[in-house]
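Peer 1: There's a structure below that I have some questions on.
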Amino acid sequence: MEHNAPKPPTQEQMDLMKERYEVSGKGLIVKTKYHKGPEVGEEVGHFGGIGYLRLRVKVRQFYVHHIVWFLTHGSWPEKSIDHIDGDKENNHPNNLRVVSQKENLRGYRKPLQGTTSKYRGVCYHKGDGKYHAGRRETYAGTYNTEEEAAIARSLYVYEELGWPWETLDEIGKWAVGYYREGKLEWTPSKPHTKVHHEGSNVHHNYTKQMQLL
């Protein structure tokens, strides 16, 4: 399984998914009534802070498009799942596809307009001369370079908050891959910790690596 794969549920959670829900149209509906659950035939799922429908199964939150994939194909996705038409609410099986890391990186190479940084969730503050990573619940500290700020925010929202792989931009996906391979240092409990990559400059290593994609 690749590092960008959705974390798989337990066997008990998968059994409950198959027992409770079925795919219908662009989402999931209740197949079998369960304690405190909606009525049979009702659509399930609620929106999280990043626009994806989520569903709680046995304590843990799952994204509806991952469950739809599982119920349709009989196995949990081993790579990232992409919405073909770009509509996060359209979870019809025909609108979902497995994509590689390289394909996902290319899909998110979109310039940001009207911002103080080219990276998502990063903002330059003139007052302290620092790049701020995230805001409110995604805040991950202040950094000297926008690359460090983007990496710190990406690792925080992916590793700690559980945001899906497809919400990361290219530097975030690069960072997660290197972090999980032990090539990038980052302390989750201390988001202000300086990001360090193999004893060298983060910007240099990142841009050099991206040239290969």
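The values are calculated or read from the model by the stated rules, or taken from the named source; none is laboratory data. Values in this document were obtained by computation on a predicted structure and should not be read as measured data. No Cβ is skipped: glycine too gets one built from the backbone with ideal geometry, and neighbour counts run over all protein chains shown.
Peer 1: Please find, within the stretch 174-190, the residue that is modelled with the lowest pLDDT out of those that are crowded, with 19+ Cβ neighbours inside 10 Å and within 12 Å of Tyr156 (Cα to Cα). Break it down stepwise before answering.
Peer 2: Of the residues in the stretch 174-190, the ones crowded, with 19+ Cβ neighbours inside 10 Å are 174-176, 178-179, 184, 186.
Now narrow it down to the ones that are within 12 Å of Tyr156 (Cα to Cα): 175-176, 179, 186.
Working: Ala175: 84, Val176: 84, Tyr179: 81, Trp186: 74.
The extreme case among them is Trp186.
Peer 1: Have a look at Lys18, Lys36, Lys88 and point out the one that is over 26 Å from Tyr178 (Cα atoms) and modelled with pLDDT of 90 or more.
Peer 2: After ruling out the rest, the residue left standing is Lys18.
Peer 1: Please tell me if Glu22 is outside any strand (DSSP E or B) and of a type in the set (Asp, Glu). Steps first, answer last, please.
Peer 2: Values: outside any strand (DSSP E or B): no; of a type in the set (Asp, Glu): yes.
So Glu22 does not fit the description; no.
Peer 1: Taking Val30 and the conditions (1) surrounded by fewer than 18 Cβ atoms within 10 Å (Cβ to Cβ); (2) over 24 Å from Glu166 (Cα atoms), which numbered condition does it fall short on, given that it satisfies the others?
Peer 2: The single condition Val30 does not satisfy is (1).
Peer 1: Moving on. So, in the stretch 142-165, exactly how many residues are surrounded by fewer than 21 Cβ atoms within 10 Å (Cβ to Cβ) and touching an Asp or Glu at 6+ places or on another chain (Cβ under 9 Å)?
Peer 2: The total comes to 2.
Peer 1: Something else about it: Evaluate the following for Asp87: is it of a type in the set (D, E, K, R), surrounded by 12 or more Cβ atoms within 10 Å (Cβ to Cβ) and in contact with a strand residue (DSSP E or B) (Cβ under 7 Å, 6 or more places away or on another chain)?
Peer 2: Details: of a type in the set (D, E, K, R): yes; surrounded by 12 or more Cβ atoms within 10 Å (Cβ to Cβ): yes; in contact with a strand residue (DSSP E or B) (Cβ under 7 Å, 6 or more places away or on another chain): no.
So Asp87 fails the test.
Peer 1: Shifting gears a bit: Looking only at the stretch 103-129, count how many residues are assigned to a helix (DSSP H, G or I) and modelled with pLDDT under 50.
Peer 2: So the first thing to find is which residues in the stretch 103-129 are assigned to a helix (DSSP H, G or I), and the list is 103-107.
Now narrow it down to the ones that are modelled with pLDDT under 50: 104-107.
Matching residues across the stretch 103-129 total 4.
Peer 1: With respect to Gln209, determine if the residue is modelled with pLDDT under 70 and surrounded by fewer than 13 Cβ atoms within 10 Å (Cβ to Cβ). Working first, answer last.
Peer 2: On the way: modelled with pLDDT under 70: yes; surrounded by fewer than 13 Cβ atoms within 10 Å (Cβ to Cβ): no.
Taking the combined requirement at face value, the residue does not satisfy it.
Peer 1: For a quick check of your reading of the model, give me the residue pairs whose first member lies in the stretch 115-141 and is at positive phi, whose second is assigned to a helix (DSSP H, G or I) and of a type in the set (Lys, Arg), with beta-carbon atoms closer than 6 Å and at least 6 apart or on different chains.
Peer 2: These pairs meet every condition: Gly121/Arg153; Gly134/Arg153.
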